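For reference, the structure discussed in these notes is given below.
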Amino acid sequence: MKTPIVIAVTGAAGQISYSLLFRIASGELFGLEQPIILRLLEVTSVLDKLLGVVMELNDCAYPLLQKVISTDDSKLAFNGADYVFLVGAKPRKTGMKRKDLLESNAVIFAEQGKALNAVASRHVKVLVTGNPANTNALITQSNAPDLNSSCFAGMTMLDHNRAINQLAEKCGVRSKDIKNIIVWGNHSETQYPDLHHATVKGQKAFALVDDAWITEDFIPTVQHRGGAILEARGLSSAASAAHAAIVQMRAWALGTKGDDWVSMAVASDGSYGIEKGLFYSFPVRVAVDGEASIVNDLKIEEFSLERMQATEQELKEERMTIRHLL
Ligand code: NAX
């Protein structure tokens, strides 16, 4: 049997975690040969509720799940952690903009960045889902100066999957037939889902759909999908977010497939003129050893450039709001 992997999840009693934890414990993330130790972090007032989740995890009698620890101490949760899902934050409520959440959530990520810096594995992969995910990733990374910035990413894979679904529905194909979708920028309504490089069964997507559908339907539908789900369900996306977290972490740990890539908010290296250090969603390829690199040689049309810069501008504004925490 392999050495167990330590996986920490914050916001463990929340609705995303209620999907995520069971899928991790069943082996969906690292396969059926990899034992797992789960460390679950919650705020003190929710530890009782978390106990119920732990009872359910234990009742699944997962063969791979060696141990579950629940705690309100971030250093205990992150001690020696190999993979960390930072999910815990206040979710957006109906009528609320993501920006409203920025300041109250920022403090959580500054504290957790410090704890990761102190005790996590030096090769830890920290995926930030809690919103605003890109800026929270920046805050976490800035508060963990002893860890390489490549240890941190923000989750934009849900947007990427939403874009795949829209294109697949439009073209009447299956999601597996779509490759090389990109979501640029912020996980917010300024994000830019880009079809210029996408293919459908190997054919250029642009040859199959018209410009009006892209600008009037595809882009706004993907940008506003989170709000549409919130309105329909009365709660923000949860199962699809947990799925995206699994897909993104799996790709980040084990590598991307063939010529395809994932969309991932990583520290910009200046590619495409995006300011260095901002956590911006780029197309990212990952080698089998887990080393991620921005795909930096794509030809960018004027149409795209304007939208890429608009979402970069929003990230700069978010950074300005929380600059005291960097
Ligand atoms: P829930 O409110 O169901 O769960 C959040 C949990 O986090 C709560 O149990 C809360 O007690 C806990 N928490 C709060 N502060 C904490 C702290 N300091 N340490 C540990 N735990 C803490 O929200 P849920 O629907 O699970 O969403 C979680 C986050 O994901 C929200 O910020 C939400 O906006 C964000 N999302 C991000 C998405 C993305 O694509 N990046 C999509 C889905 C989702 O909207």
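The values are calculated or read from the model by the stated rules, or taken from the named source; none is laboratory data. None of these values were measured; they are calculated from a predicted model. Heads up, the Cβs are rebuilt from the backbone with ideal geometry, glycines too, and the neighbour counts pull from every protein chain shown. All accessible areas refer to the heavy atoms of the entire protein, side chains included, with ligands and DNA or RNA removed. Shrake-Rupley method; radii C 1.70, N 1.55, O 1.52, S 1.80 Å.
Round to the nearest 0.05 the FRET efficiency obtained for Lys75 and Ala232 when R0 = 45 Å and r is the Cβ-Cβ distance.
Plugging the Cβ-Cβ distance into 1/(1 + (r/R0)^6) gives 0.70.
Rounded to the nearest 10 Å², what accessible area does Leu235 have for a 1.4 Å probe in the complete protein model?
The accessible area comes out at roughly 90 Å².
If r is the Cβ-Cβ distance from Glu103 to Lys204 and R0 is 45 Å, what FRET efficiency results, to the nearest 0.05?
That pair, Glu103 with Lys204, gives E of 0.55.
Just to be sure I understand: of the beta bridges DSSP finds with both ends in the chain, what percent are antiparallel, rounded to 5?
45 percent
Tally Lys/Arg at +1 and Asp/Glu at -1 over every other residue whose Cβ is under 11 Å from the Cβ of Leu50; what's the total?
-3
Just tell me which lysines come within less than 22 Å, Cα to Cα, of Lys201; anything on the same chain fewer than 8 places away is out.
Partners within reach: Lys170, Lys176, Lys179, Lys257, Lys299.
Average projected area of the Cα convex hull of the range 194-326, in nm²?
One quarter of the hull surface, i.e. the mean projection, equals 10.2 nm².
What is the range 176-269 by shape, rounded, prolate or oblate, if you read a ≥ b ≥ c off the alpha carbon gyration tensor as root eigenvalues and call it rounded for a/c under 1.5, prolate for a/b larger than b/c, and oblate otherwise?
Verdict is oblate for the range 176-269.
Counting Lys +1, Arg +1, Asp -1, Glu -1, what net charge surrounds Leu29 among other residues with beta carbon under 13 Å of its beta carbon?
0
Rounded to the nearest whole Å², what accessible area per residue is found for the range 5-154 with the 1.4 Å probe?
In whole numbers, the range 5-154 has 40 Å² accessible per residue.
Just to be sure I understand the model, the point goes 7 Å from the Cα along the line to the Cβ. What's the resulting Lys90 to His224 distance in nm?
With each label placed 7 Å out from Cα toward Cβ, I get 2.6 nm.
If each residue of separation counts as 0.36 nm, what is the full-extension length gain between Asn148 and Asp177 once their alpha-carbon separation is subtracted?
Stretched fully, the Asn148-Asp177 segment lengthens by 6.9 nm.
Could you tell me the calculated FRET efficiency between Arg323 and Ala168, based on Cβ-Cβ distance and R0 = 45 angstrom, to the nearest 0.05?
FRET efficiency, Arg323 to Ala168: 0.65.
Hand me the trypsin sites (Lys or Arg not before Pro) from the range 239-326 located in a DSSP loop with no more than 11 other Cβ atoms within 10 Å, in residue order please.
Listed in order of number, the matching sites are Lys276, Lys299.
For the range 5-154, compute the number of Lys pairs whose alpha carbons are separated by less than 17 Å, excluding pairs fewer than 8 positions apart on the same chain.
Step by step, the pairs that qualify in the range 5-154 add up to 5.
Within the range 252-326, which GluC sites (Glu not before Pro) sit in a loop by DSSP and count at most 16 neighbouring Cβ atoms inside 10 Å?
Filter output for the range 252-326: Glu275, Glu291, Glu301.
Could you rank Thr156, Thr256, Thr3 by how accessible they are, 1.4 Å probe, largest area first?
The residues order as Thr3, Thr256, Thr156, largest area first.
Per-residue ellipticity at 222 nm for the chain, helices alone: DSSP H runs ≥ 4 residues times -39500 (n - 2.57), over residue total, nearest 500 deg cm²/dmol?
Theoretical 222 nm ellipticity from helices: -12500 deg cm²/dmol.
Going through the range 1-65, which GluC sites (Glu not before Pro) have at most 13 other Cβ atoms within 10 Å and a DSSP loop state?
Glu33
First check a/c for the range 174-221, with a ≥ b ≥ c the square roots of the eigenvalues of its C-alpha gyration tensor; if it is under 1.5, answer rounded, and if not, answer prolate when a/b is larger than b/c or oblate otherwise.
Here the range 174-221 falls in the oblate category.
Relative contact order, percent, of the chain when contacts are C-alpha pairs under 8 Å separated by at least 6 residues?
17 percent
Quick one: if you stick a label point 7 Å off each Cα along the C-beta vector at Asp211 and Leu305, how many nm between them?
1.7 nm
If you count only protein heavy atoms and use a 1.4 Å probe, how large is the accessible surface of Ser271, to the nearest 10 Å²?
Ignoring ligands and nucleic acids, Ser271 comes out at about 10 Å².
Pairs of alpha-carbon atoms within less than 8 angstrom and 6+ residues apart define the contacts here; what relative contact order does the range 40-168 have, in percent?
23 percent
So for Met320, Met1, Met264, what's the accessible-area order with a 1.4 Å probe, most first?
Descending accessible area places them as Met1, Met320, Met264.
What percent do you get for the relative contact order of the range 215-326 when only Cα pairs under 8 Å and 6+ apart count?
The normalised contact order for the range 215-326 reaches 18 percent.
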